[in-house]
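Just so it is clear, none of the values below were taken in a lab; they were calculated from the coordinates. Predicted model only: the values in this text are computed from it and were never measured.
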Amino acid sequence: MTRPSPIPGPDRRQIDALNRLYLIRADDPDRPGFRGRLIGTLRRFILRLIGPLVTRQQDFNTALVDHLNRADRVASEAHDASARMLAWTDQTFGELHAHLEDRWGDMEQRLAGVERLADEVRRRHEALVTGELRSQAVVERLAGAHEELKASVGVLNVATQSLRREIERASAASPPAAAPAHAAAPAP
């Protein structure tokens, strides 16, 4: 995109001429001699006849030149204001561009930090998954050993109960012998 130009300045080529020529001169002095007086009298007579038209034309010329002069000032101010606006815009965009470049550098650094963090998280995840698989194998081995231990405890319980029943049967089958009163206490 190209940079816009300021509003063009006003065209002043005819302003000075209009400011000089807008008045209709009827007050030229009479020239000397008979011919000059005759022309002066004739001019005054004609001006009386067309005076209202000349006055109206003079009013029109005055209003038009006044309007053109004011429009020239407004056009000059608009041109100057647009040039100032473009200069301000250039400066503001320059400052904004510099600020955004600084922010872009910050964002690139932060992005690099985020990428490093993501890599670290990926590595830790992989380590956890690998460790979890190892842990699962350990858990499975422990579960197998636990089952074996439960089976062994079950067998021991059965054996213990069988042994207890045998002892109870043996105790019930033979009456206890009477021990002499003065006899020594049996050895443990």
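Go ahead and estimate [θ] at 222 nm for the chain from helices alone: -39,500 (n - 2.57) per DSSP H run with n ≥ 4, summed, over the residue count, rounded to 500.
-30000 deg cm²/dmol
Which log10 I(q)/I(0) values, to two decimals, does the chain give at q = 0.08, 0.10, 0.12 Å⁻¹ under the Debye formula with one point per Cα?
Result of the Debye calculation: -0.77, -0.88, -0.98.
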